[in-house]
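A.B. asks: Input: one structure, supplied below.
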Amino acid sequence: MQPMMSQTDTGLNRFFAKVYGYMGLGLGISALVSGLLLYVFQATMINIMLHHSWVYYAASFIEIALVYSVSTTAWKNNPMAMPLFLFYSALNGFTLSFILAAYSQTNVFAAFLTATLTFFAMAAIGVFSKRDLSGMAHAFRMVLFGVLIASLVNIFLRSAGLSYVMSLVMVVIFAGLTAYDNQRIRQVYDQSGGQISTGWAISMALSLYLNFINLFLSILRIFAGNRD
């Protein structure tokens, strides 16, 4: 019995490592692209901001379509899932550079550190929690839908107070979803008997990637006093 348990644990650990490896690769690509635009090709970024702002908005809309495309191809275990995920990561790095340009390096670093610690703390809760977190995740997704609607309304209201509250709520939402997604990794592994496709790993890496990015941006807005 003990060797079987050990083999199961080893397989699960490898699956976690695979998911986090893909997630880390995506974050690394995003960071590289953002860094290049912010520090190497700064003149190009400024030119886009001043004279070709449509490029940023077009990229943002393409990102939304890519999230759906990556998820769909990953569920089907399509070989295109990985190239699409990497392309999405690069494109997100591009759009992130325009957002990060509005904040000081101190705030960016502090937000990144806080987001990283929060992310891994919630990940640990998800991995080791015996309680089913699916109900909580469903509730958070419903709240997230409401926050997105409020964000659209606030484009016209431009309320700093509402923006601050939404950032706080977003931190709670994506921290909770991080815990749930890590629990789901274990559940999917157990339900499949350890026979997990690469597509599933990419799909889960995308979920964790999105959780981290949104957690980071929400904390950044809080630290900077929502000056954006």
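Rule-based calculations on the coordinates, nothing more; no lab input. Since this is a predicted model, take the numbers as computed values, not measurements. Glycine gets a Cβ as well: all are built from the backbone with ideal geometry, and neighbour counts include every protein chain shown.
A.B. asks: For the chain, what is the mean residue ellipticity at 222 nm derived from helices alone (per DSSP H run of n ≥ 4: -39500 (n - 2.57); sum divided by total residues; nearest 500 deg cm²/dmol)?
C.D. replies: Value at 222 nm, helices only: -30000 deg cm²/dmol.
A.B. asks: If you stretched the chain out fully between residue 41 and residue 64, how much longer would it get, using 0.36 nm times the residue separation minus the C-alpha to C-alpha distance? Let's see the in-between values first.
C.D. replies: Numbers: separation 23, 0.36 × 23 = 8.28 nm, distance 2.50 nm.
Taking 0.36 nm per residue and subtracting the Cα distance, the gain is 5.8 nm.
A.B. asks: Are there any helices in the chain, counted as whole DSSP H runs, that stretch 18 Å or more along their axis by Cα and score at least -1.0 on average by Kyte-Doolittle, and if so which?
C.D. replies: Helices passing the filter in the chain: 2-35, 53-75, 81-100, 105-128, 134-157, 160-191, 198-223.
A.B. asks: Among residues other than residue 202 whose Cβ falls under 13 Å from its Cβ, what is the net charge (Lys/Arg +1, Asp/Glu -1)?
C.D. replies: For residues surrounding residue 202, the net value is +2.
A.B. asks: Estimate the FRET efficiency between residue 17 and residue 51 by the formula 1/(1 + (r/R0)^6), using the beta-carbon distance for r and 41 Å for R0, to the nearest 0.05.
C.D. replies: The value I calculate is 0.35.
A.B. asks: Mind giving me the nanometre distance, one decimal, between the label points for residue 191 and residue 32, set 7 Å out from Cα along Cα→Cβ?
C.D. replies: Each label point lies 7 Å from its Cα, and together they span 3.4 nm.
A.B. asks: With every atom except the alpha carbons ignored, what do you get for Rg and Dmax of the chain, in angstroms?
C.D. replies: 18.6, 67
A.B. asks: Something else now. For residue 156 and residue 106, what is the calculated FRET efficiency with R₀ set at 35 Å and r taken between the beta-carbons, to the nearest 0.05?
C.D. replies: Values: r = 31 Å, r/R0 = 0.90.
Efficiency for this residue pair is about 0.65.
A.B. asks: I'd like the FRET efficiency for residue 124 and residue 90, computed as 1/(1 + (r/R0)^6) with the beta carbon distance as r and R0 of 22 Å, rounded to 0.05.
C.D. replies: Result of the calculation: an efficiency of 0.15.
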